[in-house]
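Only one structure is covered here, and it is reproduced in the block below.
Please treat every number below as a calculation from the coordinates, not as lab data. Being a predicted model, the structure only gives us computed values, none of them experimental. Reconstructed Cβ throughout: ideal geometry from the backbone, glycine too, with neighbour counts over all protein chains shown.
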Amino acid sequence: MPTLAATATQAGSAAGMIILILTIVTLGYLTACMIRPFRRCRRCNGTGSRRSLILRAGRTCRRCDGHGEHLRTGRVAINYLRELHDKGTPR
Ligand SMILES: [Zn+2]
C-alpha cells in the first residue's frame, strides 16, 4: 500500500511571486513618474547646451531643446493614456 503524503506544491507560488514583484516594481515606477515627471537629460547632463565636436562651440541640446530635462518614459505613457481616456468616444 503506497503512502501518500500531503505536500505543498511550489509551482504556483513561484509564478505568483514573480507577478507580485513585477506589480510592485511597476507601481513604484508609476509612483515615481507621478511625483517627479521630469528627469535630467542624459545627453547634456542637465545643462541644456552641448559642445559641438568640430569647433567646440556651445550649442543648444537637441534632445531636450535646451531645457536640461525631459519627461520620463512612464510619464509619456501616462499622459498618452490620460489623453486617450479624456478624448474617448462620444456615446
Ligand atoms: Zn539635453
Exercise for the section: Mind pulling the angle between the C-alpha long axis of helix 73-87 and the longest principal axis of the chain? Nearest 10 degrees, somewhere in 0 to 90. Expected result: 90
Fill in the blank from the handout: Listed residues Gly68, Gly28, Gly12; largest mean-square fluctuation, Gaussian network over the chain with Cα springs below 10 Å, found at Gly12
Handout entry: Ordering of 16-23, 51-58 by burial proxy (mean other Cβ atoms within 10 Å per residue, highest first)
Key = 16-23, 51-58
Completion exercise
The helix 11-35 Cα axis meets the longest alpha-carbon principal axis of the chain at an angle in degrees, between 0 and 90 and rounded to 10, of 30
